[in-house]
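Just below is one structure, and these are the notes that go with it.
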């Protein structure tokens with residue numbers, strides 16, 4: 001992959017653990033248009049791809065299909081994470 005197309009993950013307070021800094025000509029695009037593969041979502045959440053597929057099948061995690069490729073949008077992933085938050089009290 002050319003250097004100008006690589007994406008770097010950031011764990012800063014402004015962007016959180018899902019933040020991605022873009023490099024190159026497309027860096028001005030909105031961060032909400034980012035799509036993740038099932039494998040990438042599994043890596044971010046530290047779970048198996050089987051869990052991700054199960055959540056998609058159960059309707060718990062929204063996904064998008066582009067041809068044969070399944071992708072999860074940044075917005076849908078953030079919604080899923082927010083809904084999954086447990087509070088102790």
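The values are calculated or read from the model by the stated rules, or taken from the named source; none is laboratory data. The structure presented is a predicted model; accordingly, all values stated were derived computationally and were not measured. When we count neighbours, we look across all protein chains shown, and the Cβ atoms used for this are built from the backbone with ideal geometry, even at glycine.
Is it the case that residue 86 is modelled with pLDDT of 95 or more and either more than 16 Å from the chain's Cα centre (by Cα) or assigned to a loop (DSSP other than H, G, I, E, B) (or both)?
Values: modelled with pLDDT of 95 or more: no; either more than 16 Å from the chain's Cα centre (by Cα) or assigned to a loop (DSSP other than H, G, I, E, B) (or both): yes.
Considered against the rule, which asks whether it is modelled with pLDDT of 95 or more and either more than 16 Å from the chain's Cα centre (by Cα) or assigned to a loop (DSSP other than H, G, I, E, B) (or both), residue 86 comes out as no.
Just a yes or no: is a residue in the range 8-31 out of contact with any helix residue (DSSP H, G or I) (no Cβ under 8 Å at 6 or more places or on another chain), modelled with pLDDT of 95 or more and not in a helix (DSSP H, G or I)?
No, the range 8-31 contains no residue that is out of contact with any helix residue (DSSP H, G or I) (no Cβ under 8 Å at 6 or more places or on another chain), modelled with pLDDT of 95 or more and not in a helix (DSSP H, G or I).
Here is a list of conditions, (1) touching a residue at least 24 places away in the same chain (Cβ under 8 Å); (2) in contact with a helix residue (DSSP H, G or I) (Cβ under 7 Å, 6 or more places away or on another chain), and residue 73 meets all of them except one; can you say which number that is?
Of the numbered conditions (1) touching a residue at least 24 places away in the same chain (Cβ under 8 Å); (2) in contact with a helix residue (DSSP H, G or I) (Cβ under 7 Å, 6 or more places away or on another chain), the odd one out for residue 73 is (2).
Which ones in the range 40-83 are surrounded by 15 or more Cβ atoms within 10 Å (Cβ to Cβ) and either assigned to a loop (DSSP other than H, G, I, E, B) or on the phi > 0 side of the Ramachandran plot (or both)?
Within the range 40-83, 61, 63 meet the criteria.
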